[in-house]
Amino acid sequence: MALQVQATLLPSTLSVPKKGNLGAVVKEPAFLSVSQKAKKPSLVVRAQVATAPQVASPGASTSRADGKKTLRQGVVVITGASSGLGLAAAKALAETGKWHVVMACRDFLKAATAAKSAGMAAGSYTVMHLDLASLDSVRQFVDNFRRSDMPLDALVCNAAIYRPTARTPTFTADGYEMSVGVNHLGHFLLARLMLDDLKKSDYPSRRLIILGSITGNTNTLAGNIPPKAGLGDLRGLAGGLRGQNGSAMIDGAESFDGAKAYKDSKICNMLTMQEFHRRLHEETGITFASLYPGCIATTGLFREHIPLFRLLFPPFQRFVTKGFVSEAESGKRLAQVVSDPSLTKSGVYWSWNKDSASFENQLSQEASDPEKAKKLWDLSEKLVGLA
Ligand code: LMG
Ligand code: NDP
Ligand code: PMR
């Protein structure tokens with residue numbers, strides 16, 4: 001019988017068995033992973049059958065007594081699922097019973113508590129540790145996920161940080177400016193590594209989704225609010241975004257601007273999705289997509305903004321721009337991009353109109369520039385140690 005693991009357990013007491021040696025317990029912070037219902041990954045899978053009998057467990061074969069095949073439960077990894085959009089999407093997908101959600105989060109206990117308070121059913125999700133500000137952590141997450149023996153059917157690169165008031169850069173464990181390091185480089189390595197897992201999946205529609213945003217697109221009003229996004233000739237990225245004797249900004253600017261760094265990172269996210277599509281869609285059949293889910297003005301993304309902004313921003317978006325969406329609505333939108341059978345087209349940047357109907361949106365010239373996308377891909381490969 002599956003064992004109940006309390007969300008209040010300290011990370012150091014959490015354990016996950018190594019693959020091929022399910023009896024052994026590895027007590028190592030890098031291997032933090034636990035399901036609400038099961039202590040061992042082998043049991044994580046079995047727990048699904050009990051909670052969602054109409055769908056087969058992840059990775060299991062799917063024949064019914066009448067000989068017809070049913071779709072097995074899909075497994076989706078969502079980064080930054082401990083709050084905001086990621087949490088809302090995790091909840092929306094888990095509630096369908098068709099998806100097991102792997103919440104890939106930097107703060108294990110925050111994620112476990114958030115899932116519980118959101119009312120996500122025990123057994124419908126697994127929390128695994130991932131800190132995108134460390135490339136070692138990304139690699140360890142991938143190893144850890146593989147040891148769980150779950151298939152990978154969809155990956156959502158959702159986590160992000162926004163440092164609007166920062167006038168000096170901070171850096172990831174690998175020495176890259178934090179906004180681009182977390183939002184783009186960490187996800188770039190994760191997506192590249194996990195492509196192999198997506199390729200192995202037998203799920204009918206496999207998807208890799210990377211969050212974009214309107215503020216990275218200068219073909220919109222929102223994208224023209226200063227500071228405007230712009231990667232220039234990527235000289236700062238080529239120099240390693242180190243800050244000392246160089247620049248922490250992608251375009252090589254001398255002074256650091258936290259708001260611009262975020263918007264630049266979103267251009268990188270949208271360019272990366274398209275480059276994946278051009279390089280790998282035909283060969284793999286995987287759907288690559290990005291989206292602007294609407295302005296979710298209440299999330300933790302604005303935690304570092306000044307209090308006056310945090311107070312005025314939600315009513316401003318709700319009543320003036322009318323671009324406001326609730327966290328729940330945005331979660332449904334992201335869940336559609338993961339799972340809706342009508343959103344299988346690859347290379348698309350999805351948005352939603354006032355009636356919450358999805359449409360294929362136009363990216364700005366820079367966010368759809370194939371030469372820039374290629375250059376970004378090549379430079380990013382070097383920075384994350386893939387080339
Ligand atoms: C930079 O500043 C920061 O320096 C940087 O750190 C970073 O945060 C960056 O992009 C992020 O922003 C930019 C910003 C600062 O400055 C400006 O945007 C300059 C313009 C400010 C002018 C404000 C006028 C507001 C009136 C808007 C009307 C426009 C209507 C357009 C509608 C289009 C529809 C298609 O700005 C701030 O930090 C504060 C901005 C916070 C927004 C508050 C706006 C006004 C408040 C309205 C109250 C809402 C109440 C709702 C009532 C509705 C009634 C119907
Ligand atoms: P939140 O701040 O609520 O969520 C961001 C998540 O990213 C949190 O779970 C956070 O973890 C996680 N995260 C931050 N740093 C790291 C890290 N180093 N490693 C792992 N996880 C990390 O913001 P939103 O939900 O608003 O943002 C989600 C996505 O939506 C972002 O990609 C954002 O760019 C995009 N977006 C948001 C819009 C909006 O209006 N809010 C509009 C357009 C796009 P923790 O909980 O531990 O802080
Ligand atoms: Mg913006 C016209 C519509 C519109 C939309 C859809 C957004 C979305 N914003 C719009 C307009 C305006 N904004 C206008 C007219 C202003 C001047 C008052 C304005 C200002 C503003 C600020 C200061 N807006 C912001 C900020 C932020 O700090 C947010 C940001 O840029 O984060 C990077 C932001 C946002 N506006 C949006 C969205 C979605 C954001 C959140 C950013 C994101 O995740 O990309």
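Legend: residues THR299, THR344, sorted from most to least accessible area (1.4 Å probe; ligands, DNA and RNA excluded), read THR344, THR299. Grab the beta carbon distance between ASP340 and THR284, set R0 = 30 Å, and tell me the FRET efficiency rounded to 0.05. In this case the efficiency is close to 0.90.
The heavy atoms of ARG318 present about 120 square angstrom of accessible area, all protein chains included, probe 1.4 Å.
Using the per-residue mean of other Cβ atoms lying within 10 Å as a proxy for protection, in what order, highest first, do the peptides 197-209, 284-296, 77-89 fall?
On the way: 197-209: 18.4, 284-296: 22.8, 77-89: 27.2.
With the highest mean Cβ count within 10 Å placed first, the list reads 77-89, 284-296, 197-209.
Within the set LYS332/LYS354; LYS69/LYS98; LYS345/LYS372; LYS98/LYS200; LYS91/LYS332; LYS199/LYS345, which residue pairs have Cα atoms separated by over 21 Å? Too far apart for the 21 Å limit: LYS345/LYS372. What the Cβ-Cβ distance of GLU254 and ASP202 gives, at R0 = 35 Å and to the nearest 0.05, is a FRET efficiency of 0.10. Subtracting the Cα-Cα distance of LEU386 and ASP233 from their residue separation scaled by 0.36 nm leaves 52.9 nm. In straight-distance terms, cross-link reach from LYS263 covers every one of the aspartates and glutamates whose alpha-carbon lies under 18 Å from its own, apart from those fewer than eight places away in the same chain; here that gives GLU177, ASP233, ASP251, GLU254, GLU304, GLU366, ASP369.
Rounded to the nearest percent, how much of the accessible area of the range 74-384 (1.4 Å probe, protein heavy atoms only) is carbon and sulfur? That share works out to 52 percent.
The values are calculated or read from the model by the stated rules, or taken from the named source; none is laboratory data. Please read these numbers as outputs of a predicted model, since none were measured by experiment. Cβ: placed from backbone, ideal geometry, glycine included. Neighbour counts: every protein chain shown. SASA here: full protein model, heavy atoms, side chains in, ligands and nucleic acids out. Shrake-Rupley method; radii C 1.70, N 1.55, O 1.52, S 1.80 Å.
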